[in-house]
Amino acid sequence: MWMDMLNKILLMILIMSSLNVVRHLYYFGQAWVKSDSENPEKYKISDFSLWVLSISIAYILTSLINGVYI
């Protein structure tokens, strides 16, 4: 019972991490498409967002290697 609940929580965290990475990829692509050689636009990210993005990517890679379930 507890393991099932823990596995569901881990799966939810994996989905949230994936959505976070997709969100940042979308914003990066949007900034890349809008910029040109005359007016380059940088993709700006705050320190906290960068920290959360790096944790999300690390969790996704760990889940791909080890699996989601305990």
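Each value in this text was obtained by applying a stated rule to the coordinates, not by laboratory testing. What you see is a predicted model; the values in this text were computed from it and never measured. Every residue, glycine as well, gets a Cβ built from its backbone with ideal geometry; the counts of neighbours run over all protein chains shown.
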Checklist entry - What residue among S37, S17, S46 shows peak mean-square fluctuation when the chain is described by a Gaussian network model with Cα springs under 10 Å? => result S37
Next on the checklist: Along the Cα→Cβ direction, 7 angstrom out, place labels at S18 and V33. What is the inter-label distance in nm?
Outcome noted: 2.3
Item to check | the chain - Kirkwood radius from inverse mean 1/r over Cα pairs (Å) | outcome: 13.9
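If each DSSP helix of 4+ residues adds -39,500 (n - 2.57) and the sum is divided by the residues in the chain, what number results at 222 nm, nearest 500 deg cm²/dmol? Can you show the working numbers first?
Working: 2 runs with 53 residues, N = 70.
Only helices count here, giving -27000 deg cm²/dmol.
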